[in-house]
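Working notes, beginning with the structure itself.
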Amino acid sequence: MKNEFKIIVNLLPIQSRVLDVGCGDGTLIEALIKQKNIDVRGIELEESKVKQCISKGLSVIQGNAETELSQFPDKAFDFVILSQTLQAFYQPENVLNELLRIGKKVIISIPNFGYWQVRTSLLLFGKMPVTKSLPDTWYNTPNLHMCSIKDFYQFCEEKKIKIDRVIGINNEKTSSINRINLEMKNFLSEVGIFLIS
Amino acid sequence: MNYKIENVKQITVTKPLKLDCGQTIKDFPIAYETYGTLNEKKNNAILVFHALSGDQFVTGTNPITNKAGWWSAAVGVGKAVDTEKYFIICANVLGGCMGSFGPKNLNIKDGNPYGLKFPVITIRDIVRAQESLLEHFKIKKLLCALGGSMGGMQLLQFCALYPNKTFSAVPIASTASHNAQQIALNELARQAIMADPLWNKGNYYKDNKIPKNGLAVARMAAHITYMSDKGLQERFGRKLQEKKDYEFTFDADFQIESYLRHQGNVFVDRFDANSYLYISRAMDYFDLSKQFKNGLVEAFQNHKTRFLIISFSSDWLYPTKNSKDIVIALNASGANVAFAEIETDKGHDSFLVNEPEFLETLKGFLDSNFEIFKNEK
C-alpha cells in the first residue's frame, strides 16, 4: 500500500463513518475496515474497478463524483476522502464544496505542481513535467486543474476553509506543513495531504 | 395454459392475509422449489423472487414444461449462485399459475375457477404471502434475497416490510415505482388478452378454449421490451426466415417475426392469461415510496441490510435511472449500498442470459457477503 494511504489510515479514528471518493480498486477501503473497523462507502467511475470492489464485499457505488455527491445528506460522514483526484474535475471548487457539505471533515490529497522536479522540468527543459505522481503526458492526462500545495493552502484561506492539518510526502518521508515552512515544503513535497473542515 | 400442475411442492398458508384491496384470504397454497442444502447454522439460504413470467423452477429442468429453469445461467453447480454452497428457495407468486393460489384455482363457494373473481393483488400481498416459507424452513435470517425485474420489486418490498430478515439484497434491473411507460406496456399486454374473444371476461377454463392469440400477442410485445435495439439488430437484422426473397404475404418473412411468433406460441402453453392480467396489475400498483410518509428514504431507514443494486446499460424497460433512484434513496437513508451498471447490448434480459460481467459481480458479492455473514456475531 502506498505511503499516502498509510498516512490516511493513521489520520482516521476507529469506528468512524467514511466515504472514499474515487476509491479505485478499494485498497484504501480494505485497509480502513481491517485496521480501524471503519464503516466505509466508496464511489468510483470505472465499471471494472467497481466490480473489483463489490467482489471484495465493499460497499461501492458506480458514479461520477462531479455530479452525484448531491445524493448524500449533509454531514452524512465523519470523513470524506479524495485522493489525488480534485485536479481532474471540471469544477473542482463545486466538488470541494460538496465534500465539505457531506463530510464533517475532508481529507484531500493533491499531486504538488510546486514540487522541485516539476518546476525544473518546465524551467530547464521547457517541457510539461512527467513524474511519479504525475505519470501522464500532456495529451493524455486526466488532470485539468493542477495546483501546488501553496495554491491549495491559500485557496483554503481565501475561502475560509479551516485547515486542521497538512502533511507533505517526499518518497517515504513525511513532514508537517504550516504557514512558516510552506514555501520550502511546497518545493520539497511530491504530494500534499490536507485535513480540512 | 396446457400443462397440468402436478407434484409441485406446496405449503398452505393458514394465517389470514388481509390484502391491500381489503379482502382477506387464508388457507391458500404457495408452491415453491428449493435447490442445494440448508446447512446446520441455516446461514446459507438465498431467497429468489421471480419476474412476471417466471415461476419457482429457477434452474435444472422445469418438471412441468421439461425446459431449462429460467435462471439456469446464474444458478446451479459452480454457477454464480452456487447450489453446492447455497440453499436456494423460490416461490411461485400469489396470483401465479404454477401451483400457488391464482385465478385458475377453484373457488370453494361454487366449485368454479375464480377467473375475475380472484381478488386484485399487489406486490406487497405477493411478498406477504411468501413470508410463511421462511417460517416453514425455520430460517431466521437469509444470507441474501435476489430478484430481477418484478423480482426486484418484491425484494425491495420484502426489505421494507421485514428489515432484519435478510443479510444482503440484490435487486437487479428493477424499480421502486412503476412509471408511465412501464404501466403503458403492461396495459398493452392486458388489452391484447382481453381483446381475444376466447378470453370471455376471464371465463375460459371450462372447455379449455383459452385466449391463445391474445396472450401470445401480449408476450410478443413484452418480449420486444426485454431486448435492445442494438441486440435485435445484431441478432436478426433484416434476415429472412428460410427464404431467399419477400413472399409478398403477411406470413413471417423476417426472422424477427418468426422468432416473436415462436415466443408467443410457447408462452401460451405454460402461462395462464388471467394470471398475466393479475400479476402485471400488481406491478403497475407498485410504488414503494407511497407506503411511507417521507417517501422511499423512510423505507430503508436504519436498515442493516447490505444492498447491491445492478442495472444494465441497454435496458430501456427498467433503465439505470430507476436503479439509481433506489441507490439515491438508500444513500440518503444511510443504508449500506453498492451499485454497478453493467455495460451490455442484451437489454432488460441481460440478467437472464449469460452475461459474464454481471454474473462475476453477483458471484463476488454473494461469496464475500457469505464470509462476512458467517463471521457475524
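Only the coordinates and a few stated rules stand behind these numbers; no lab work does. Predicted model only: the values in this text are computed from it and were never measured. Counting neighbours? That spans all protein chains shown, and the Cβs are built from the backbone with ideal geometry, glycine included.
I'd like the mean, over residues of B:308-316, of how many other protein chain beta carbons sit within 10 Å of each residue's own Cβ.
Per residue, the number of nearby Cβ atoms from other chains is 1 on average.
Taking 7 Å along the Cα-to-C-beta vector as the label spot, tell me the residue B:61-residue A:3 distance in nanometres, rounded to one decimal.
6.6 nm
Taking other Cβ within 10 Å of each residue's Cβ, how do B:1, B:153 sort, fewest first?
B:1, B:153
Looking at the square roots a ≥ b ≥ c of the eigenvalues of the Cα gyration tensor of region B:116-186, which shape do they give, rounded for a/c under 1.5, prolate if a/b is larger than b/c, or oblate?
Note, shape of region B:116-186 comes out oblate.
Sequence neighbours fewer than 8 away in the same chain don't count; with that in mind, list the lysines whose C-alpha is under 20 Å from residue B:230.
Cα-Cα hits under 20 Å: B:239, B:321, B:346.
Most fluctuating residue of A:89, A:155, A:79 in a GNM of chain A with Cα springs under 10 Å: which is it?
Answer for the Gaussian network model of chain A: A:155.
Say each of residue B:200 and residue A:93 gets a label point 7 Å from the Cα, pointing the same way as Cα to Cβ; how far apart are those two points in nm?
Going from the residue B:200 label point to the residue A:93 one covers 7.5 nm.
Using helices alone, what [θ] at 222 nm do you get for chain B, with -39,500 (n - 2.57) per DSSP H run of 4 or more residues, divided over all residues and rounded to the nearest 500? Kindly include the intermediate steps, with their values, before the conclusion.
On the way: 11 runs with 127 residues, N = 377.
Theoretical 222 nm ellipticity from helices: -10500 deg cm²/dmol.
Please compute the average number of Cβ atoms from other chains found within 10 Å of each residue's Cβ in peptide A:46-59.
Whole-number average of other-chain Cβ neighbours for A:46-59 is 6.
How long is chain B along each principal axis, judged by its Cα atoms, biggest number first, in Å?
That works out to 69, 53, 42 Å along the principal axes.
Could you please state, rounded to a whole Å, how far the C-alpha centre of region B:106-142 is from the C-alpha centre of region A:16-68?
40 Å
Between residue A:159 and residue A:119, what's the calculated FRET efficiency when r is the beta-carbon distance and R0 is 30 Å? Round to 0.05.
Working: r = 25 Å, r/R0 = 0.85.
Once the sixth-power term is evaluated, E becomes 0.75.
Taking a quarter of the surface of the Cα convex hull of region B:183-280, what do you get in nm²?
Averaged projected hull area, Cα only: 7.4 nm².
Could you tally up the Lys pairs in region A:1-69 with alpha carbons closer than 18 Å? Skip any pair fewer than 8 positions apart unless they're on separate chains.
The number of close lysine pairs in region A:1-69 is 7.
Please enumerate, by chain and number, the lysines with C-alpha under 17 Å from the C-alpha of residue A:150, excluding those fewer than 8 residues away in the same chain.
Filter leaves A:159, A:160, A:162, A:185.
For chain B, set up a GNM with springs between Cα atoms under 10 Å and report which of B:58, B:93, B:337 has the largest fluctuation.
Among B:58, B:93, B:337, the largest mean-square fluctuation in the Gaussian network model of chain B belongs to B:337.
Based on the Cα gyration tensor of the protein assembly as shown, what are the three equivalent ellipsoid semi-axes, each the root of five times an eigenvalue, rounded to whole Å and given largest first?
53, 27, 20
Helix-derived [θ] at 222 nm for chain A: sum -39500 (n - 2.57) over DSSP H runs of at least 4, divide by residue count, nearest 500?
Computed ellipticity for chain A at 222 nm equals -10000 deg cm²/dmol.
Which is the longest stretch in chain A that no exposed loop site breaks, taking sites as GluC sites (Glu not before Pro) with a DSSP loop state and at most 12 other Cβ atoms within 10 Å? Could you put the intermediate results ahead of the total?
Numbers: sites that count: A:46, A:172.
Longest gap between qualifying sites, sites excluded: A:47-171.
Sort B:90, A:53, B:159, A:147 so the one with the fewest other Cβ atoms within 10 Å of its own Cβ comes first.
Listed from fewest to most nearby Cβ atoms, that is A:147, B:159, A:53, B:90.
Divide the volume of the convex hull of the Cα atoms of region A:23-110 by its number of residues and quote the answer in cubic angstrom per residue.
So the per-residue hull volume is 90 Å³.
If you average the alpha carbon positions of region B:233-275 and of region A:116-131, how far apart do those two centres end up, in angstrom?
Result: 65 Å between the Cα centres.
Going down the table (B:165/B:304; B:18/B:117; B:140/B:304; B:15/B:290; A:104/B:324; B:42/B:140), which pairs top 18 Å between alpha carbons?
Over 18 Å apart, Cα to Cα: B:15/B:290; A:104/B:324.
Pairs of Cα atoms under 8 Å, at least six residues apart: use those to get the relative contact order of chain B, whole percent.
Dividing the mean separation by the residue count of chain B yields 18 percent.
Counting other C-beta atoms within 10 Å, which of B:100, B:177, A:133, B:323 has the fewest, and how do the rest follow? Write out the running numbers ahead of the final one.
Details: B:100 28, B:177 17, A:133 20, B:323 25.
Arranged by neighbour count, lowest to highest, B:100, B:177, A:133, B:323 become B:177, A:133, B:323, B:100.
Across the Cα atoms of chain A, what radius of gyration and what greatest pairwise Cα-Cα distance (Dmax) are found, in Å?
16.4, 49
Using Cα pairs under 8 angstrom and six or more residues apart, how large is the relative contact order of region B:183-280, in percent?
31 percent
Within region B:16-117, which GluC sites (Glu not before Pro) sit in a loop by DSSP and count at most 13 neighbouring Cβ atoms inside 10 Å?
Working: sites: B:33, B:40, B:84; in loops: B:40, B:84.
When the GluC sites (Glu not before Pro) of region B:16-117 are filtered for loop state and at most 13 Cβ neighbours within 10 Å, B:40, B:84 remain.
Tell me the angle of helix A:116-125 to the major Cα principal axis of chain A, expressed in degrees between 0 and 90 and rounded to the nearest ten.
Tilt of helix A:116-125: around 50 degrees.
Can you give me the angle between helix A:92-102 and the longest principal axis of chain A, using Cα atoms only, in degrees from 0 to 90, rounded to the nearest 10?
40 degrees
Using a Förster distance of 41 Å, how high is the FRET efficiency between residue B:41 and residue B:261, based on the Cβ-Cβ distance and rounded to 0.05?
For R0 = 41 Å, the calculated efficiency reads 0.25.
Quick check on region B:148-199: take the gyration tensor over C-alpha atoms, sort the square-rooted eigenvalues as a ≥ b ≥ c, and tell me if it's rounded (a/c under 1.5), prolate or oblate.
It comes out prolate by the Cα gyration axes.
In peptide B:318-325, how many Cβ atoms from other protein chains are near each Cβ within 10 Å, on average?
1
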